[in-house]
Amino acid sequence: MADTLTSISRRRGSAPALVNPAYTSQIDSRTGLLQGRCRWDRFCCCDGVVLDADVNAACNILARLYDEEIMLYTPYREVRALLAERTRPSVGTAPPGLELRGRATELPSTESESPASVPKCAD
């Protein structure tokens, strides 16, 4: 099989790349998180979106090529632990009660606007 893949790759002018396939069919390719369920040929995301399971997995395999934390021979249990850590609700979220209000996050549109004219966050 490896010889066939190499032969086809040479004809197409590409090169095969090996990646760790652990959990690639169980990750939501839009978020990169271990959320949702694969059911037959569909991947049901936690927000109700339904993706083609094969396309979802293919996108995850491509993303895995550039994942610097999951190497080809990383044991599946370590991959699972890393994905679970990435999926934790507290990762990448603001602390409870923090809100941005008004134009606090907008940058001035011209050089003539001074930073003092931009409203500050309410305490």
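The values are calculated or read from the model by the stated rules, or taken from the named source; none is laboratory data. What you are looking at is a predicted structure, and each value in this text was computed from that prediction instead of being measured. Please note: Cβ atoms are built from the backbone with ideal geometry, for glycine as well, and neighbour counts cover all protein chains shown. When the accessible area is computed, the model is the full protein with side chains, heavy atoms only, and any ligands, DNA or RNA have been set aside. Shrake-Rupley method; radii C 1.70, N 1.55, O 1.52, S 1.80 Å.
Identify the residue in region 7-60 that is among the β-branched types (Val, Ile, Thr) and farther than 22 Å from Arg86 by Cβ and, among all such residues, is most open to solvent (accessible area, probe 1.4 Å).
The selected residue is Val50.
Report yes if some residue within region 31-40 is among the aliphatic types (A, V, I, L, M) and over 21 Å from Glu69 (Cβ atoms); otherwise report no. Looking for residues that are among the aliphatic types (A, V, I, L, M) and over 21 Å from Glu69 (Cβ atoms), one finds none in region 31-40, hence no. Scanning region 67-95 for residues that are open to solvent by 70 Å² or more (accessible area, probe 1.4 Å), at pLDDT 95 or above and hydroxyl-bearing (Ser, Thr, Tyr) yields Tyr73, Tyr76.
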